[in-house]
1. Please determine, in degrees from 0 to 90 and to the nearest 10, the orientation of helix 282-320 with respect to the longest principal axis defined by the Cα atoms of the chain, where the helix direction is its Cα long axis.
2. Which Cα, out of Ala530, Trp575, Ile72, lies furthest along the positive dipole direction of the chain (beta carbon charges, K/R +1, D/E -1)?
3. With unit charges on the beta carbon (Lys/Arg positive, Asp/Glu negative), name the residue among Val418, Leu37, Ser288 whose Cα is farthest towards the positive pole of the charge dipole of the chain.
4. May I ask for the distance between the Cα centers of the range 142-206 and the range 415-489, given as a whole number of Å?
5. For Val356, what residues show an amide H to amide H distance below 5 Å, using hydrogens built from the backbone and excluding near sequence neighbours?
6. If you place +1 on the Cβ of every Lys and Arg, -1 on the Cβ of every Asp and Glu, and leave all else neutral, what size is the dipole of the chain about its Cα centre, to the nearest 20 Debye?
7. Please report the spacing between the Cα centers of the range 23-45 and the range 65-107 in Å, no decimals.
8. Given contacts defined as C-alpha pairs under 8 Å and at least six residues apart, what's the relative contact order of the chain, whole-number percent?
Amino acid sequence: MNRHLPVAEPHRVRRAALRLVRLDSRAFAAVIALNALAAAAGLAGPWLVGRVIDRIRDGAGVATVDRLAFAILCFAVAQLLLTRFARYVGHRFGERTSARIREEFVERALSLPASVVERAGTGDLTARGTADVATVGTTLRDAGPEVSIAVAQALFIIGAVFALHPLLGACGLLGLIGIWFAARWYLRRAHTDYLAEGAANSALAEVLSATASGARTVEALGLQERRIAACRDAVEECRRTRMRTLFLRSVLFPAVDVSYVLPVVGVLLLGGALQAHGTVTLGAVVASALYLRQLSEPLDTVLLWLDQLQSSSAAFARVEGLGRAPAALPAAESAPADDRIEVAGARYSYDGGRDVLHGVDLTVRPGERLAVVGPSGAGKSTLGRLLAGIDAPHTGTVTVGGIPLAALDAAQLRRQVVLVTQEHHVFLGTIRDNLLIAAPSATRTELSAALAAVGADWASELPDGLDTELGAGAHRLDGAQAQQLALARVVLADPHTLILDEATALLDATTARHTERALAAVLKGRTVIAIAHRLHTAHDADRVAVLAEGRLTELGTHEELVGGGGAYAALWRSWHGG
């Protein structure tokens, strides 16, 4: 199974770009029209200079020259105003389109199955949502208007040279052929190399994120040198890919600079010969040379942004590729008949490897409290993921009310089952903001009750209470408080089944026991599945399921299993020091 998020093919990127243009077609048409008018106004200057030369040769006076000079000034001002307005309209178009891309990216990211995100890694998703989206936004806001203006100017300038004299136009165009070869060489390699650079950036972000988030584990297991080596390898790969794209630019730009001189020289030589034979006027030759010299400015703009356009194309392919990521299964047409969860013959493996669950059969009765215990690596968390509908077994079924959990859409699933793990998140904002994520319409009384239910009495003691700002530069929660805040969100979400995967592991024993009892009281009449390493959780449960090496080995009440003298009894005696 491919662990990486997909990248969109070129034809999909083109279709996506056209779709974005169609969504704001009037603004896009206005940008094109304004750029064309600005480019047309810019053609007047060199032509009028040529007219000045020819009129002086014909003996015209100062008044004629003044009128032509005033006309040059008027066209220059018109070009300036049209260009500025074209950039303004283009920037507005770019910002609106960039906002659409960001909103669509967030919607797609939130709709991804949790298993897809976990396998791909958060680094890749983060890089696409930050650096890649920002690159596309910069292109739409800056490169788009600049390049469209430059392309319009270049086309009008070349057309003007041909209008002055076809031979001069052909000579100027022939002199630009070096740019065509250099650009073709560059474009043939740039897209692939920029995709490789983006992938290297994602890999580096993933390595740094994993190392930082697991710093305590790395230190505890003495893995510092290994993680440093992994970071160095990722940095080296980033450096190598960036050096490759730098090499492409170092070849393109010098070749282009040389190519600018050739058409001007060619037109002056050919124009001199034609003027000596009376085929063309001196003014036309000067105007042609000025046009071709003027051509370097829009071509410079195009080529300078060409690098940004290639980088943006690769970034857009990665952003748009999110739409091709594996989606959740089609939602079930019917709702679950009841709250009963049944696991039948469930087998599961990660990424096609060996099975970590082997034919598990389990029925979770509505309203009961079930504890799942077992040694580390027994498959407890994997079973919890199947019961929460995050993953689906490759053999067997996991259903709620007769409907496969994996067939429920996200909103429907979370009304049925919520999984709470050791991982917890505190979002920027107030305590109130963090709680309203789970229940946007909750009242202040309901928010306070949810905090009290999980033993978060500290919240009411803060100076600003629910309006206390959290995060960097504001009030910082310790691990226990952050986890209690996460559990309060679960209380507000109010699912009929709650799966606690060692959710109180970061709390001290007293606080954990208080929180679990409070949760049991709040969720009375609902199903609670506790995957825990503290056996007091199992003692308080209605039934205990014991897993060993991916198999369900024992199932019964605490008293039954202790009296049975099996694996659970041994764990209980060991935990009590008996």
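Derivation of every value follows stated rules applied to the coordinates shown; laboratory data play no part. Since the model is a prediction, treat every value here as computed from it, not as a measurement. Quick reminder, even Gly has a Cβ in these numbers, built from the backbone with ideal geometry, and neighbours come from all protein chains shown.
1. The angle comes out at about 10 degrees.
2. With unit charges placed on the Cβ atoms, the residue in question is Ile72.
3. So the residue furthest toward the plus end is Ser288.
4. Here the answer is 54 Å between Cα centres.
5. Tyr348, Ser349, Tyr350
6. Around 1880 debye, computed over the chain.
7. Between the Cα centre of the range 23-45 and that of the range 65-107, the gap is 8 Å.
8. On the way: 866 pairs, mean separation 88.1, N = 578.
Here the relative contact order equals 15 percent.
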